[in-house]
Amino acid sequence: MTTMLGLSLTGRRVVFVGGGAVAARRIGRFVEEGADIVVIAPALGDEMHRAVRAAGLTWIARKAREADVADAWLVHSATGIRPVDDTVAGWCELARVFCVNTSTGSHGSARLTAETRAGDVVVGVASDAGIDPRRAVRLRDAIGAALRAGSLPLRRRRRAGGRVDLVGGGPGPADLMTVRGRRLLAEADVVVADRLGPTDVLGELDPDVEVIDVGKRPGHHPVPQEEINALLVAHARAGRRVVRLKGGDPFVYGRGGEEVAACLAAGVAVEVVPGLTSVVSVPQAAGIPVTHRGVAAGLHVAIGQGPVTDATRAALADDATTTVVLMGVAALGRIVAAAREAGAPADRPVAIVERGHTPQQRTTRTTLERAVADAATAGVSNPAVIVIGDVARAGLLLPEHRPTEAALQ
């Protein structure tokens, strides 16, 4: 019968007997935990020598002695010689020191589990009777995959310190979110969500997770940014885990910097999880690479709100630069005029990709000369990404991800 325990070995003596490949594979776990490690072996294999040197560990170049285990909290014996490992295990038994005996796991008083981690959760898998490390590893990997997918119950049931995580949700599909983002959602007590991004994942949350919709639309901001900042701080101060779920990336026109600053000013722990920005992912869904050898060597990102900057004018005029405009449908006429004034040719390709990575995706391909008229004819609306440059010409590289292109000549 095996009882599973979580042991903290930080700063505590761990003795490794043996310097071969098995010890080399396992010693890293103890190095990461900050154990006080001593290696005892007449010689070290290449892997173990590299591990010892990299971590600056103490190596005693001789055979193990009974006195070596006396002041240890844990001993790991992996000499590859069963009588020697059994002898070390016997010394540990007399000294009441736990011992991992790699020659026969059932003989030692401790076993290393196959571990997987998700945030601050550590799951270990071990066999209760009989040693079957391959089975333990396969089960560990399956559990790890479920943890990373956020499909296991990761929420805390005892309140600890609150915190805020700004999670970039990407362009919309849940499977384009990062693994870390999915895990943090599974841990969240409160989710403050925008209207864009992977809103489908909200249906997977526990029923008692509070979801606050603060989604903004062009010209309509029902929850001002200052109130969003205050919401994040208030819930975190109440000891809740808060996820601020955004479309795209929090730091690409997502006002994530303001939210981070508000949390830091209030003394609230905050981290940012990057997301797949629509600057790249939405054009990709329409078969448009924002850079391409021999076509576009540079990328300029602009926002449609406010005046066209000198940097944007220069990018629009540059044959080798792709200009991607976010939130620019209402400003299309102004952007086209600035491009023409800067010297961009009338036939420069333009693509307007609406609702990228959704079943309603549609791409309008046109030119600077016809962009305003074609957009009006097509009834283009937000959310949309505008791509200006030679990479936007039809058939350059990839087929469109969605079969609903409305190409206007």
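The values are calculated or read from the model by the stated rules, or taken from the named source; none is laboratory data. Note that the structure is a prediction, hence the values are computed from the model and not measured. For neighbour counting, all protein chains shown are included, and Cβ atoms are generated from backbone atoms with ideal geometry for every residue, glycine included.
Among Thr79, Thr104, Thr116, which is the only one that is surrounded by fewer than 16 Cβ atoms within 10 Å (Cβ to Cβ) and not in a helix (DSSP H, G or I)?
Thr104
For (1) in a strand (DSSP E or B); (2) over 27 Å from Val380 (Cα atoms), each residue gets a yes or a no:
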{"residue": "Val191", "(1), (2)": "yes, yes"}
{"residue": "Gly197", "(1), (2)": "no, no"}
{"residue": "Gly203", "(1), (2)": "no, yes"}
{"residue": "Val211", "(1), (2)": "yes, yes"}
{"residue": "Gly239", "(1), (2)": "no, yes"}
{"residue": "Val243", "(1), (2)": "yes, yes"}
{"residue": "Pro250", "(1), (2)": "no, no"}
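For the stretch 283-309, how many residues meet the condition of being at pLDDT below 95 and under 30 Å from Val164 (Cα atoms)?
Residues meeting the conditions: 3.
All but one of (1) modelled with pLDDT under 75; (2) out of contact with any strand residue (DSSP E or B) (no Cβ under 7 Å at 6 or more places or on another chain) hold for Arg135, so report the exception by its number.
(1)
Mind checking which residues of the stretch 158-189 are part of a loop (DSSP other than H, G, I, E, B) and of a type outside the set (Ser, Thr, Tyr)?
Arg158, Arg159, Ala160, Gly161, Gly162, Gly169, Pro171, Gly172, Pro173, Met177, Ala188, Asp189
Is it fair to say Glu271 is of a type in the set (Asp, Glu), part of a loop (DSSP other than H, G, I, E, B), modelled with pLDDT of 95 or more and out of contact with any Gly (no Cβ under 9 Å at 6 or more places or on another chain)?
Working: of a type in the set (Asp, Glu): yes; part of a loop (DSSP other than H, G, I, E, B): no; modelled with pLDDT of 95 or more: yes; out of contact with any Gly (no Cβ under 9 Å at 6 or more places or on another chain): yes.
Judged against the criteria, Glu271 is not a match.
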